[in-house]
Amino acid sequence: MSARRVVVTGWGMVTPLGNDAASTWAGLMEARSGVDLIRRFPASRFPVTFAAEVGLHLGGDGGDFKLLLARMALDEALRMSGPLPYAPERVGVCMGSEAARPSLEVIARRYRHSEAPTLAELRRAEPSAPTRAIAGLVGARGPLTTVSTACTSSSQAVGEGLLRMRRGEVDAMIVGGVDVLVDPVMVTGFSLLGALSTRNEDPKGASRPFDLGRDGFVLGEGAGVLILEDEAAALARGVTPLVTLSGFGCSCNAYRITDSPPDGRGAAQAMALALEDAGLPPEAIGYINAHGTSTPMNDVSETRGIQRTFGAHQPAVSSTKSMMGHLVAACGAVEAIVTGLAIQEERLPPTINLDAPDPECDLDHVAQQPRGARVDHALTNAFGFGGSNGTLVLSRWSP
């Protein structure tokens, strides 16, 4: 573990609860659901008719919309951190992202006219498009990396930034993730996998992590961006850190592509590695922002991973996916920001819709309403399709 202390000096997000960090946090504290009937396309005849969409719309293809969300989150983060006064080659960017998809209308129009996609459309659709765009906007000429590991993408992107900072490769890292999946292709695909909740009659009650009645996750979209700097450098330029980024751990389940191992071994490995990296015992963790997707298998697997890692110690646990849905490649970064806010504000966001806790998910749940608590160290999990696992540890900053 490096002696270099890495802190977060700015963050920004766009989620189904709000177009910035403040409005998203307010929605979480109100225990408000951002899930509703799909508005972006006519979905009444689809197997699933609801999702967690952001509260704005842009014409054009999915790549355009993804870049807009990334830009909004970046702008907010930089307003908090202020301009980064480092040499361009000492500023890096690492974003978690999946490929974007043109709209079906664009595909159909090109098919009717026997046209190929334009180069601009193809480049906007690449997973690396948001990373390239952010580097161009800030003039960053340091390491440029895109992580595409499904639901773990942006957790690993934040972790990659932490490691580069510790190695002294850069003076600042812009990290995070963005995803836009509420479209006909992805709604159909996840429905065919049996991964989505089908509570079409009760959209706001559909995402219910750790509840006996859970039947799948709710598809969401959004973006989260964090600015990482060396603590001493940030203080020297007059910036007060928001939180310390203390640790990162990742692992692979080597199990089935869409399922987590029932014993939670992969999750436990990532959490144990993150604690070791942070130099903290399990007892130091006061809160876990769980991956908590609301699928029968994932929630049990994560519970067992938490139990294996923490033993008799019971940190408070909640899943904010109950309110924001599953933001897939963006969830790790967004939920890291939420975890940081929980430390700052001394309030833990709840898991809503947790009406009848599953006995197999026996944890200290923050259920239905926020809980006041001073937490000095917190942990956030992201576990992805394909078996990737990422865990981040955030800590209260003090001089």
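The values are calculated or read from the model by the stated rules, or taken from the named source; none is laboratory data. Values in this document were obtained by computation on a predicted structure and should not be read as measured data. Every residue, glycine as well, gets a Cβ built from its backbone with ideal geometry; the counts of neighbours run over all protein chains shown.
Step by step: first the residues of region 174-220, then only those that are of a type in the set (S, T, N, Q) and at pLDDT below 95, then the one that is nearest to P359 (Cα to Cα). Which residue is that?
The selected residue is S191.
Just to check your reading of the model, which residue among T351, T339 is in contact with a Leu (Cβ under 8 Å, 6 or more places away or on another chain) and hydroxyl-bearing (S, T, Y)?
T339
Among (1) at pLDDT below 95; (2) touching a Leu at 6+ places or on another chain (Cβ under 8 Å), there is one condition S388 misses while meeting the rest; what is its number?
(2) is the only condition that S388 fails.
Kindly establish whether P102 is at pLDDT below 70, surrounded by 12 or more Cβ atoms within 10 Å (Cβ to Cβ) and part of a loop (DSSP other than H, G, I, E, B).
yes
Quick one: which residue in P83, P130 is outside any helix (DSSP H, G or I), out of contact with any Asp or Glu (no Cβ under 9 Å at 6 or more places or on another chain) and at pLDDT 90 or above? Let's see the steps before the verdict.
Values: P130 fails: outside any helix (DSSP H, G or I).
Criteria check complete, one pass: P83.
If you go through region 195-217, how many residues are assigned to a loop (DSSP other than H, G, I, E, B), on the phi < 0 side of the Ramachandran plot and of a type outside the set (V, I, T)? Steps first, please.
First, the residues of region 195-217 that are assigned to a loop (DSSP other than H, G, I, E, B): 195, 197-202, 206-210, 212-216.
With the extra rule that they be on the phi < 0 side of the Ramachandran plot, the set shrinks to 195, 197-202, 206-209, 212-215.
Still in the running and of a type outside the set (V, I, T): 195, 197, 199-202, 206-209, 212-215.
Selection size over region 195-217: 14.
When region 1-18 is examined, which residues are found to be under 19 Å from L226 (Cα atoms) and in a loop (DSSP other than H, G, I, E, B)? Even if it seems obvious, please write down each step before you answer.
Just the residues of region 1-18 that are under 19 Å from L226 (Cα atoms), to begin with: 4-18.
Of everything in region 1-18, those that are under 19 Å from L226 (Cα atoms) and in a loop (DSSP other than H, G, I, E, B) turn out to be R4, R5, P16, L17.
Scan (1) out of contact with any Asp or Glu (no Cβ under 7 Å at 6 or more places or on another chain); (2) surrounded by fewer than 24 Cβ atoms within 10 Å (Cβ to Cβ) for the single condition G390 breaks and write down its number.
Single failed check for G390: (2).
Got a sec? Which of G340, G332 is in contact with a Gly (Cβ under 8 Å, 6 or more places away or on another chain), in a helix (DSSP H, G or I) and small (G, A, S)?
G332 is the lone residue from the list that is in contact with a Gly (Cβ under 8 Å, 6 or more places away or on another chain), in a helix (DSSP H, G or I) and small (G, A, S).
Being under 18 Å from the mean Cα position of the chain (by Cα) and crowded, with 17+ Cβ neighbours inside 10 Å narrows it down to one of G205, G161, so name that one.
Of G205, G161, the one residue that is under 18 Å from the mean Cα position of the chain (by Cα) and crowded, with 17+ Cβ neighbours inside 10 Å is G161.
Tell me which of these R124 doesn't satisfy, since it passes every other one: (1) in a helix (DSSP H, G or I); (2) within 25 Å of A290 (Cα to Cα).
Unmet condition: (2).
Out of the residues in region 133-173 meeting the condition of being among the β-branched types (V, I, T) and part of a loop (DSSP other than H, G, I, E, B), tell me which one is modelled with the highest pLDDT.
Taking the candidates together, the pick is V170.
Yes or no: E302 surrounded by fewer than 23 Cβ atoms within 10 Å (Cβ to Cβ), at pLDDT 95 or above and not in a loop (DSSP other than H, G, I, E, B)? Steps first, answer last, please.
On the way: surrounded by fewer than 23 Cβ atoms within 10 Å (Cβ to Cβ): no; at pLDDT 95 or above: yes; not in a loop (DSSP other than H, G, I, E, B): yes.
Considered against the rule, which asks whether it is surrounded by fewer than 23 Cβ atoms within 10 Å (Cβ to Cβ), at pLDDT 95 or above and not in a loop (DSSP other than H, G, I, E, B), E302 comes out as no.
Can you find a residue that is in contact with a strand residue (DSSP E or B) (Cβ under 6 Å, 6 or more places away or on another chain) and not acidic (D, E) anywhere in region 295-308?
Keep residues of region 295-308 that are in contact with a strand residue (DSSP E or B) (Cβ under 6 Å, 6 or more places away or on another chain), which gives 295.
Imposing the further condition that a residue be not acidic (D, E) reduces the set to 295.
Yes, the conditions are met somewhere in region 295-308.
Residues being within 26 Å of G238 (Cβ to Cβ) and crowded, with 23+ Cβ neighbours inside 10 Å: count how many of those fall in region 63-83.
So the answer is 4.
In region 19-35, what residues are in a loop (DSSP other than H, G, I, E, B), of a type in the set (A, V, I, L, M) and more than 17 Å from the chain's Cα centre (by Cα)?
In the first step, residues of region 19-35 are kept if they are in a loop (DSSP other than H, G, I, E, B); the result is 19-20, 30-35.
Among the residues that remain, those that are also of a type in the set (A, V, I, L, M) are: 31, 35.
Within region 19-35, A31 is the sole residue that qualifies.
Taking interchain pairs and intrachain pairs at least six residues apart, which have beta carbon atoms under 9 angstrom, with the first residue in region 158-170 and in contact (Cβ under 8 Å) with a residue 40 or more places away in the chain and the second crowded, with 24+ Cβ neighbours inside 10 Å and among the hydroxyl-bearing types (S, T, Y)?
If the second residue must be crowded, with 24+ Cβ neighbours inside 10 Å and among the hydroxyl-bearing types (S, T, Y), the pairs left are G159/T391; L162/S246.
Tell me the residue from P296, P357 that is more than 20 Å from D179 (Cα to Cα) and modelled with pLDDT of 95 or more, please.
Being more than 20 Å from D179 (Cα to Cα) and modelled with pLDDT of 95 or more holds for just one of P296, P357, which is P357.
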